[in-house]
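The structure appears right after this line, and notes come after that.
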Amino acid sequence: MTDVLIVGAGPAGLSAGIACAQHGLQVKIVDEFPRPGGRLLGQLHEEPDGTWWNGMEEAKRLLEQAEKLGVDIDCGVSVYDAAKTKEGWSVSSSHGNFEVPKLLLATGAAEMALPLPGWTLPGVMSIGGAQVMTNVHRVRVGERGIVVGVNILSVAIARELQLSGIHVDRMVLPAQNPVTRDAGNPEKVFQSMLRVAHLAPSTFMKLGSKLLKSKTMQKLALQFLPGIGGIRMWGIPIQLKAAALEIIGDKQVEGVKIVKINAKGAPIPGTEKVIPADFVCIAGGLYPLVELAAVAGCPFAYLPELGGHVPLHNERMQTPVEGLYVAGNITGIEGAKVAAAQGTVAGLSIADEFGKLPEKNLLSTAIETVEVVRQNATIQFHPCIAQGRATVKNMSAQHKSDA
Amino acid sequence: MESDPIIVCRCEEVTLQELHETAKSYQCSSRELKLRTRAGMGYCGGRTCRNLIDMIVNEVTGKSPGHSIPLGYQPPVRPVTFGLLGGHK
Ligand SMILES: Cc1cc2nc3c(=O)[nH]c(=O)nc-3n(C[C@H](O)[C@H](O)[C@H](O)COP(=O)(O)OP(=O)(O)OC[C@H]3O[C@@H](n4cnc5c(N)ncnc54)[C@H](O)[C@@H]3O)c2cc1C
């Protein structure tokens, strides 16, 4: 008999499975991808201390630990519904139904699009798609690419493409329209880039880190940024003052028409030109993949700093819905280490619910660990994450007292 | 040269212009915009365009999404065969 079903075998789901199994629970994890590991499988980046974060290795480590503890992991299984029953949950999947007392959703995040003319041409892909093809499937995505959308994720993945010997010609912003907005605003993008400065210290050292601490100085720096040359990270030109107007091609991508833009993102007429490319990655950021929490009847909070709508949950990763837990990016967009730490909390919390956690301090320590890991995170997706987390906690407490 | 239209919902081929104009003339919610244009009603279940639809509504009406999800999710949240949904083999 399965005590807990976990949807998602990423760092959150695997860590939760390990914590549950360590406390004597029967755990089943399902994932629709052919291999366990979730987004870890594609990750490779250098930490500021010079060590490398190798997601593939991390996934292997978690998987071995889970398997040793007898966690049952099934891949290639898509969950399409979760309904509350008297005893727990009835979960429907491509490979049959599961009846379980407790359900943990660790489904991660999905990518946001940046629509522009030509984005439906073959050869256009999301930045995450390029990452999976390159690092997981080892398929060459093209010879010469342009990345549209400059954010922490696209910069990290452009570097990964480069490490795999794929030429990334440049990174540009999307032209501003009602569905690209801040992603097409050089000032906003520049501010967010300063938060990833530590990933390529030499680039930002040149700009003078002290200089960039004040808002006015940032504005000035942007004025003086060489328009079309832009800054470079690992030699990849990041053109904050150029925008992609259109992806060009007959049957597939042949190039991108770009234009110079001013500091507010307005195009400068007469500066258009076509840059040849055989693939284009679009990067609009991430949002929590909450579909199963929604069909399970969980209430939500809308918090842009966490990536959008997130299921209400307390510090123990319990939602207001009996027997339903969440962990990882479904609760807000953060890095893999935070997701894993949250998974451990969820696992211990479920064990406690079954009365199988005699050492209560394990849970409180795990909750504190999430905070510590968050504070030390190299990859921070939003500057106000801590604020968003506090809001969810309060809303969850409020929800409970209202009920 | 007139550039190509910007497609927002790829599954149902709904353009930004159509969504923008519809949102403007009806000053409507994301849900109404979806029902009027079919944006978000395709194969992917709105996975690609649901946020974009919310952004268009926000841009046109000034209303940002509330805590409840504007475009609800209905099972099945993945494409499934009729057989799986209870057919006989
Ligand atoms: C493209 C991309 C690149 C990223 N790069 C980095 C990076 O370099 N560094 C970093 O720290 N963070 C990165 N992140 C953030 C990343 O989300 C976290 O690092 C971490 O992987 C989140 O862990 P998780 O366990 O919550 O979700 P995930 O690792 O995303 O795992 C979720 C799993 O759930 C499965 N799933 C979802 N829905 C269903 C369903 N209905 N049925 C069955 N299975 C389902 C998915 O197949 C997936 O394997 C990236 C995210 C994305 C999307």
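The values are calculated or read from the model by the stated rules, or taken from the named source; none is laboratory data. These numbers were taken from a predicted model, which means no experiment stands behind them. Cβ: placed from backbone, ideal geometry, glycine included. Neighbour counts: every protein chain shown. Each accessible area value is taken on the protein alone, full model and side chains, heavy atoms only, with ligands, DNA and RNA left out. Shrake-Rupley method; radii C 1.70, N 1.55, O 1.52, S 1.80 Å.
Shape of region B:1-59 from its Cα gyration tensor (a ≥ b ≥ c, root eigenvalues): rounded if a/c is under 1.5, otherwise prolate when a/b > b/c, or oblate?
Numbers: a/c = 1.76, a/b = 1.06, b/c = 1.65.
Since a/c reaches 1.5 but b/c is at least a/b, the shape of region B:1-59 is classed as oblate.
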A:I379 accessible area, assembled protein chains, probe 1.4 Å, Å² = 30 Å²
Among the trypsin sites (Lys or Arg not before Pro) in region A:124-157, which ones are in a DSSP loop with at most 15 other Cβ atoms within 10 Å of the Cβ? Mind listing them?
-> A:R138, A:R140
Proximal aspartates and glutamates to A:K360, defined as alpha-carbon separation beneath 15 angstrom and excluding residues fewer than eight positions away on the same chain = A:E315, A:D352, A:E368
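Work out, step by step, the length gained on full extension between A:N54 and A:T271: first 0.36 nm times the residue separation, then minus their alpha carbon distance; give nm to one decimal.
Numbers: separation 217, 0.36 × 217 = 78.12 nm, distance 4.12 nm.
Answer, rounded to one decimal: 74.0 nm.
Considering only DSSP states other than H, G, I, E and B, which GluC sites (Glu not before Pro) in region A:278-356 qualify as loop sites with at most 15 other Cβ atoms within 10 Å?
Numbers: sites: A:E291, A:E305, A:E315, A:E322, A:E334, A:E353; in loops: A:E315, A:E322, A:E334.
In loop regions of region A:278-356 (DSSP not H, G, I, E or B), the sparsely surrounded GluC sites (Glu not before Pro) are A:E322.
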Spin-label proximity, B:Y73 to region A:322-350 - amide N less than 17 Å from point 7 Å beyond Cα toward beta carbon = A:322-334
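If you count only protein heavy atoms with a 1.4 Å probe, what accessible area per residue comes out for the protein assembly as shown, rounded to a whole Å²? Could you put the intermediate results ahead of the total?
On the way: 21740 Å² over 492 residues.
Heavy-atom SASA per residue in the protein assembly as shown reads 44 Å².
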For region A:386-401, take each phi angle, set θ = phi - 60°, evaluate the Karplus expression 6.51 cos²θ - 1.76 cosθ + 1.60, and give the result in whole Hz per residue in order, putting x for glycine and proline.
-> 4, 4, x, 4, 5, 4, 4, 4, 5, 4, 5, 5, 4, 4, 5, 6
Relative packing of A:272-278, A:298-304, B:53-59, which averages over residues the other C-beta atoms within 10 Å, highest first | B:53-59, A:298-304, A:272-278
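First check a/c for region A:9-60, with a ≥ b ≥ c the square roots of the eigenvalues of its C-alpha gyration tensor; if it is under 1.5, answer rounded, and if not, answer prolate when a/b is larger than b/c or oblate otherwise.
Numbers: a/c = 4.08, a/b = 1.78, b/c = 2.30.
It comes out oblate by the Cα gyration axes.
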Please identify every one of the GluC sites (Glu not before Pro) in region A:15-114 that sits in a loop by DSSP and has no more than 11 other beta carbons within 10 Å of its own beta carbon.
-> A:E87
Determine the percent antiparallel among the DSSP beta bridges restricted to chain A, to the nearest 5.
-> 55 percent
How well do other chains shield peptide A:287-294, expressed as the mean number of their Cβ atoms within 10 Å of each residue Cβ?
-> 4
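For chain A, what does -39500 (n - 2.57) per DSSP helix run (n ≥ 4), summed and divided by total residues, give at 222 nm, in deg cm²/dmol to the nearest 500?
Result for chain A: -9500 deg cm²/dmol, rounded to the nearest 500.
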Residue-count net charge about B:S29 - beta-carbon cut-off 14 Å; Lys, Arg +1, Asp, Glu -1 | +3
At R0 = 60 Å, FRET efficiency that the Cβ-Cβ distance of A:T85 and B:E21 yields, to 0.05 = 0.85
Gaussian network model of chain A, Cα within-10 Å springs - most flexible of A:V79, A:V372, A:V280 | A:V372
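At a probe of 1.4 Å, how much accessible area disappears from chains A and B on forming the pair, both sides counted, to the nearest 100 Å²? Walk me through the numbers on the way to the answer.
Working: alone 17830 and 6920 Å², together 21740 Å².
About 3000 Å² of accessible surface is lost on pairing.
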Among the listed pairs A:K28/A:K356; A:K393/B:K63; A:K28/A:K60; A:K28/A:K102, give every one whose C-alpha distance is greater than 20 Å.
-> A:K393/B:K63
If amide H atoms are modeled at 1.01 Å from N in the peptide plane, then the residues at a separation of 5 or more from A:A82, or on another chain, having amide H under 5 Å from its own are A:S92
For region A:30-77: rounded, prolate or oblate by the Cα gyration tensor [a/c cutoff 1.5] | oblate
For region A:27-35, take each phi angle, set θ = phi - 60°, evaluate the Karplus expression 6.51 cos²θ - 1.76 cosθ + 1.60, and give the result in whole Hz per residue in order, putting x for glycine and proline.
-> 10, 10, 10, 10, 8, 7, 6, x, 10
